[in-house]
């Protein structure tokens with residue numbers, strides 16, 4: 001019995017992604033009256049190394065599934081190239097597609113979060129009430145608090161589900177993230193008024 005095979009069994013049985021900490025805890029906590037737990041002192045670095053080794057094994061063996069790292073941890077998943085066949089097992093579960101306006105709105109929120117509805121509308125030039133509601137119902141966007149400007153409008157940001165849905169570990173994995181975060185975008189009237197009278201910074205603010 002090896003550490004890799006134990007981790008493989010845990011990932012196969014899990015109903016959600018498992019973090020390295022969760023895997024290590026499960027391995028160390030295992031008790032069996034018939035035989036001692038030879039991995040009771042396993043450390044997280046050992047688990048991390050075994051995960052990477054297992055991931056490489058699946059690639060080299062050309063398995064129909066793969067080991068992926070998501071924001072919440074590690075998970076076994078079918079290789080996307082087999083999706084058209086696997087989808088036949090779930091005919092009722094057709095993926096709901098986002099409209100172009102919804103994708104545009106989601107992209108603005110993802111790159112400039114937290115952001116107010118008015119600031120998103122200033123960029124898009126149209127009302128986004130319906131689109132924003134759709135994104136929140138899908139679990140892709142959530143309320144992140146209120147902005148410190150007149151009226152204290154709500155701020156919006158992406159969710160943990162957003163990261164999982166698009167296969168991202170964190171927001172830094174968004175394409176060209178630093179460039180787009182630094183780019184100046186149109187501001188809503190409320191945001192523009194809030195900056196009036198403020199001293200001009202002498203140094204460039206961090207993005």
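Annotations
- Paramagnetic label zone (point 7 Å from Cα along Cα-to-C-beta, residue 79; backbone N under 12 Å) in segment 48-63: 58-63
- Between residue 148 and residue 43, the distance separating the two model label sites (each 7 Å from Cα on the Cα→Cβ line) works out to 4.2 nm.
- Prolate/oblate/rounded label for segment 3-89 (Cα gyration tensor, a/c 1.5): prolate
- Legend: Rg and Dmax of segment 106-182, from Cα coordinates, 12.4, 37 Å.
- Taking the Cα atoms of segment 55-106, the ratio Rg/Rh between the radius of gyration and the Kirkwood radius comes to 1.09.
Bear in mind these aren't lab numbers, they're just calculated from the coordinates by the rules spelled out. Predicted, not measured: the structure shown is a model, and the values here were computed from it. Backbone-built Cβ (ideal geometry, glycine too); neighbour counts: all protein chains shown.
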